[in-house]
Structures are given as structure tokens and as C-alpha cells.
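Okay, so here's the structure we're looking at.
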Amino acid sequence: MSSCWQVTFFPQTPASAEFENFLENYFEVTAQNYADDGRDEYVGYQSGTFDEDKMRAAASSAGISLPEYKIEHLESANWLKDYVIRFEPFETEDFIIYGIHEKEAPSSSKIPLQIYAATAFGSNHQTTRACLGAISDLHRRGFMPQKILDVGTGSGILSLASAKLWPQSRVIAVDIDEEAVLVTRSNALTNNVQQLNAEQSDGYNAPIVKNNAPYDLILANILARPLLAMSPDLSASLVSGGYAVLSGFVDEQSDWVVSAHQNLGLCLEKLYAIDNWRAALMKKV
């Protein structure tokens, strides 16, 4: 595998599902770079030759209006390794997280998690680290969940972290994106996590989610609007005395997200802040 083309898109408004699907179908690999102002960047990678006019024609045929973008040519003997899956190991809370390009786990007293994050987003995003903080806090309190649900699992990092902290638990991880499910399964195998089941689901609708409800702990690191839309399902799927870790929203949206869940019988225990991003630890009373 040699050099590749990188196309970075800069939507001025939140990208539609149709735009995301177009990128996933058109490019060999896609990724998403989160931004504090909510204007995320989307990146497509293509090896060999790249025809800009062909891309624009394909988007037009799909009814997609492409936002502003930038095209770069990346020289590398292995572009997938050097530009897509490579990230520096980082420690956060109880964990050290490192990529699959590393031959062995870095030296650390923390729990190692090896992650392939090329096509499932957000392993080192502020919201992920905030959620890991909430999970670690619950573990230090002596909380012992038996059933855990991770909605919008992405790379599966929160599911993997939970499985490592609570090996006695059963973890259900779901995502609307089939690629995220495949990446989560791969990461579970890499980290020898056997009690994790990953399936495709639009929120709480899949049989695996319904058949294993209710849950002691629900993780939902998505975005503010989906959190609000799915808040009744979250409340109905959580046991009394259970916890929810919610994230994917910024400071200005905190009251909005928290109050919607308070109206459904949850109380706020702690709000985590990293830069302008927030995560809420809530308990069902």
C-alpha cells in the first residue's frame, strides 16, 4: 500500500446522515475530527488516482451538496498506518489507550486498551475522556453493574473500558453504523473481552437491546439532539438506582440535556467538563 489522497470536508452545519453515508460508500476509509464549536471535519481517504470531478458528479447523482473541502496527497509506504490508525498512546483515568500499530502495550500501571479507531470515531475525544472519568468514578465507589448498555458505541472504547473494570458484567454495544459494530467486535477480540456483544441498532430498537433490558448502567456518548430524542427509551431501559453516563454535548446544551432526563426521573450526580465539552453522570431514582 503506497500513497493516498486525503479529502477533508468542512460542513458549516451538522452533517446529514446522507452525507455521511455518501462518504463511507465513496471512500476507502473515512474518519471524523470533532471540534469544540460543533463544526466537525469529515475526512475521506482514497488510494491510487483521485478524480475530483468524478467525486462531485457522484455526490450530485446522490443528491448530496458537498461542503467546502481540501484535497491533499499523502506520501507514505503505508498510509493507513501512518495517517489513519496512528495515534500517540495516552493515559486517562484508570486506562492507557494505544493503537493497533503499537507492537506491545506501553509501560504503565493503568489498564491497557488497544484500539483500532480508523473508521469508528472519537477514541481520544474530550467526551470520551469525560465518560471514562465517570466510569472510573463509579468503579471507585464500588458500583457493580451486571448489565451494561453502550448506545452509539463508535470504536467500542467505553464498552471495553467497562468490561475491563467489571469483568462479571454483560455488555451490550450498539451503533447505527455497521462499520462501528465491526470495529467494536475487532477491538473486543484484540483486548480479549469476551462478555461484549456488539450489534447494529437504531438507538434502543434492536431485539438484543430490548431482550436484555433493564440495565444497571447505560452509556450514551452521542450528540445532544439524539440524547433528547432517546431520553424516554433510556429511562425505560434503566433500573431504579442505575446510572447513565451521557455525553456528546457542549456547555451551552448542558441544561437542555440534563433537564430532559431529570423530567424522566433521573438526577444529576456530577457534570464533567473538558474544554467546552460536557458529560453528565445521572442516577435513576
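Here is how the numbers come out for the structure above:
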| read-out | value |
| --- | --- |
| Residue match in region 236-253 (condition: of a type in the set (Val, Ile, Thr) and closer than 23 Å to residue 155 by Cβ) | yes |
| Qualifying residue in region 126-140 (condition: out of contact with any Pro (no Cβ under 6 Å at 6 or more places or on another chain) and not in a helix (DSSP H, G or I)) | no |
| Answer residue from region 141-166, given it is part of a helix (DSSP H, G or I) and surrounded by 24 or more Cβ atoms within 10 Å (Cβ to Cβ) and is modelled with the lowest pLDDT among those | 157 |
| Region 1-21 - residue that is surrounded by 11 or more Cβ atoms within 10 Å (Cβ to Cβ) and of a type in the set (Ser, Thr, Tyr) and, of those, farthest from residue 75 (Cα to Cα) | 16 |
| Residues located in region 243-277, provided they are in contact with a strand residue (DSSP E or B) (Cβ under 8 Å, 6 or more places away or on another chain), at pLDDT below 95 and charged (D, E, K, R) | 251 |
| Near pairs, Cβ below 7 angstrom, 6+ apart or cross-chain, from region 148-173 (closer than 11 Å to residue 194 by Cα) to any residue that is assigned to a loop (DSSP other than H, G, I, E, B) and not polar (S, T, N, Q) | 160/193; 163/193; 169/145 |
| In region 226-285, residue least open to solvent (accessible area, probe 1.4 Å) [restricted to those that are among the β-branched types (Val, Ile, Thr) and touching a residue at least 40 places away in the same chain (Cβ under 8 Å)] | 245 |
| Test: residue in region 80-89 that is open to solvent by less than 30 Å² (accessible area, probe 1.4 Å), within 24 Å of the chain's Cα centre (by Cα) and either at pLDDT 85 or above or under 16 Å from residue 190 (Cβ atoms) (or both) | yes |
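Conditions tested, residue by residue: (1) within 21 Å of the chain's Cα centre (by Cα); (2) acidic (Asp, Glu).
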position	(1), (2)
199	yes, yes
222	yes, no
228	yes, no
241	no, no
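The values are calculated or read from the model by the stated rules, or taken from the named source; none is laboratory data. Model, not experiment: these values are computed from the prediction. FYI the Cβ positions are ideal-geometry reconstructions off the backbone, even for glycines, and counts take in every protein chain you see. Protein only, heavy atoms only, side chains kept; ligands, DNA and RNA dropped before computing areas. Shrake-Rupley method; radii C 1.70, N 1.55, O 1.52, S 1.80 Å.
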